[in-house]
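Novice: Input: one structure, supplied below.
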Amino acid sequence: MMAATLDLTVQGELRVNEPMSRHTSWRAGGPAEAFFVPASVDDLAIFLRELDADTPIFWHGVGTNLLVRDGGISGVVISATRILRDIDRVDRYLVRAGAGLPCTQLARQCIRWEVGPSEFFAGIPGSVGGALAMNAGAHGGETWERVDSVRTIDRNGEIHERAPGEYTVGYRNVNGPANEWFLGAVFRFEQDVIPSLETLNAMLDRRKTTQPLGLPSCGSVFRNPPGDHSARLIEAAGLKGHRIGGAEVSKKHANFIINRDGASATDIEELIEFVRQTVLDEHGVSLVHEVRIVGELQS
């Protein structure tokens, strides 16, 4: 795969054995066999059309909800966030945003335009593309509640406009057409809702006081089980501060695992599993990962 990939004609950057620790908020993980940063959507489309059909593709956003195992990722990792950061107003209640736009920027611009409810996007630490892929939410709002349409690209480089009805959307889970990736979305807001900058700032202040934002983490590791909170269950199991290698359950927020001291991806994954098993043993609740774990174990 590698030699054929390197022969492709691209305008963007194509790197070999790129450390994924540079591209995840946990600052851990092995290398990508190939790592492509397209210069434009046209460049991306050409790359996909020319790429061997058997080459695995992994679409990378900003890496805030991602653990890459120490053995790395085979095939090609595509990182298109540099070219998908646009935002514009379609009409009074519709806003178009690129998949690479940080959700906090989406929230702030919507407040300037006085369209809402949009403040909750500020509580999502990643990009619009990642929020679409997992139906991310915060402070009582979820991404797909506001989706009017999405724009995708398939592995043949063809671009599609799709309606929400073409997707099955659940709590932190989205299923749709295979081998397509989000380029952006149009969000529909409500007539009589004017968002509040004060509310947004209060949300951000709450994050600062309740989450370990100054240390490498992925945000929430586990989904909240029905009628309860993962953080409460983890704390009740006495796991705050528990460490494996350089990975630690945050003493500030039990559903965060932080890279305290040069943690490997293996340290982090082992701690995730230890927490999951302990909560199961202590409370009889099987926690489900919110974080996405990908790649190969180190041999």
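Values in this text are rule-based calculations from the coordinates and carry no lab data. The structure presented is a predicted model; accordingly, all values stated were derived computationally and were not measured. Don't worry about glycine lacking a Cβ; one is built from the backbone with ideal geometry, like all the others, and counts go over all protein chains shown.
Novice: How long is the gain from residue 240 to residue 91 if the chain were fully straight, where each residue apart is worth 0.36 nm and the alpha carbon distance is subtracted?
Specialist: Full extension from residue 240 to residue 91 adds 48.9 nm.
Novice: What is the sum of charges around residue 75, taking Lys and Arg as +1, Asp and Glu as -1, for the other residues whose C-beta is under 12 Å from the C-beta of residue 75?
Specialist: Values: positive: 155; negative: 33, 52, 54, 296.
Result for the local shell: -3.
Novice: Would you mind classifying the chain by shape? Square roots of the alpha carbon gyration tensor eigenvalues, ordered a ≥ b ≥ c; an a/c under 1.5 is rounded, otherwise it is prolate if a/b is larger than b/c and oblate if not.
Specialist: On the way: a/c = 1.88, a/b = 1.08, b/c = 1.74.
Taking the square roots of the gyration eigenvalues as a ≥ b ≥ c, the chain is oblate.
Novice: Please work out how much length the chain gains when fully extended from residue 57 to residue 205, using 0.36 nm per residue of separation minus the C-alpha to C-alpha distance, in nm with one decimal. Walk me through the intermediate numbers first.
Specialist: Working: separation 148, 0.36 × 148 = 53.28 nm, distance 3.74 nm.
Separation in residues times 0.36 nm, less the Cα-Cα distance, equals 49.5 nm.
Novice: Beyond 16 Å, what share of the Cα-Cα pairs of the stretch 69-179 is found? Please give it as a whole percent. Write out the running numbers ahead of the final one.
Specialist: On the way: 3778 of 6105 pairs.
Cα-Cα pairs in the stretch 69-179 separated by more than 16 Å: 62 percent.
Novice: Using DSSP to define loop residues, name the GluC sites (Glu not before Pro) in the stretch 85-184 whose beta-carbon has at most 16 other beta-carbon atoms within 10 Å. Write down the numbers at each step before the final one.
Specialist: Details: sites: 114, 119, 142, 145, 158, 161, 166, 180; in loops: 114, 158.
Loop-located and lightly packed - 114, 158.
Novice: Amide H to amide H, which residues 5 or more places from residue 58 or on other chains are under 5 Å from it, using H placed in the peptide plane?
Specialist: Sorted by chain and number, the residues that satisfy this are 76, 77, 78.
Novice: Where does the charge balance sit around residue 176 when Lys and Arg score +1, Asp and Glu -1, over other residues with C-beta under 10 Å from its C-beta?
Specialist: On the way: positive: 162; negative: 166, 180.
Result for the neighbourhood of residue 176: -1.
Novice: Follow-up question, since we're still on this one. I need the calculated FRET efficiency for the pair residue 198 and residue 154, taking r as the beta carbon distance and R₀ as 41 Å, to the nearest 0.05. If you can, show how the numbers build up before the last one.
Specialist: Numbers: r = 42 Å, r/R0 = 1.03.
The computed FRET efficiency comes out at 0.45.
Novice: How much length would be gained if the chain were fully extended between residue 292 and residue 16, taking 0.36 nm per residue of separation minus their Cα-Cα distance, in nm to one decimal? Don't jump to the answer; show the numbers that get you there.
Specialist: Values: separation 276, 0.36 × 276 = 99.36 nm, distance 2.29 nm.
Answer, rounded to one decimal: 97.1 nm.
Novice: Using θ = phi - 60° and the Karplus curve 6.51 cos²θ - 1.76 cosθ + 1.60, what whole-Hz ³J(HN,Hα) does each residue of the stretch 239-249 get, with Gly and Pro shown as x?
Specialist: Result, ordered by residue: 9, 4, x, 5, 10, 10, x, x, 9, 9, 6 Hz.
Novice: Further question: What does the charge add up to near residue 149, with Lys and Arg as +1, Asp and Glu as -1, over the other residues with Cβ less than 12 Å from its Cβ? Don't skip to the answer; put the middle values down first.
Specialist: Numbers: positive: 96, 146, 151, 162, 188; negative: 148, 161, 166.
Result for the neighbourhood of residue 149: +2.
Novice: Could you tell me which of rounded, prolate or oblate describes the stretch 212-294, using a ≥ b ≥ c as the square roots of the eigenvalues of the alpha-carbon gyration tensor, with rounded for a/c under 1.5 and, failing that, prolate when a/b is larger than b/c and oblate otherwise? Display every interim value, and only then the final one.
Specialist: On the way: a/c = 1.57, a/b = 1.53, b/c = 1.03.
Prolate, because a/c is 1.5 or more and a/b exceeds b/c.
Novice: Continuing with the same structure: Distance between Cα centroids, the stretch 115-149 to the stretch 175-231: provide it in whole Å.
Specialist: 6
Novice: Add -39500 (n - 2.57) for each DSSP H run of 4 or more in the chain, then divide by its residues: what number comes out at 222 nm, to the nearest 500 deg cm²/dmol? Present the calculation step by step, with values, prior to reporting the outcome.
Specialist: Details: 7 runs with 73 residues, N = 299.
Calculated from helices alone, the mean residue ellipticity at 222 nm is -7500 deg cm²/dmol.
Novice: Under a 5 Å amide H to amide H cut-off, with H placed in plane at 1.01 Å, what residues pair with residue 242 once short-range neighbours are removed?
Specialist: 249
Novice: If you find the alpha carbon centre of the stretch 70-87 and of the stretch 267-299, how far apart are they in angstrom?
Specialist: 25
Novice: List the residues whose amide H sits under 5 Å from the amide H of residue 149, counting only those 5 or more places along or on another chain, with H placed 1.01 Å from N in the peptide plane.
Specialist: 186
Novice: To continue, here is another question. How would you classify the stretch 2-79 from its alpha-carbon gyration tensor, with a ≥ b ≥ c the square roots of the eigenvalues: rounded for a/c under 1.5, else prolate if a/b is greater than b/c, otherwise oblate?
Specialist: Numbers: a/c = 2.17, a/b = 1.61, b/c = 1.35.
In terms of gyration-tensor shape, prolate.
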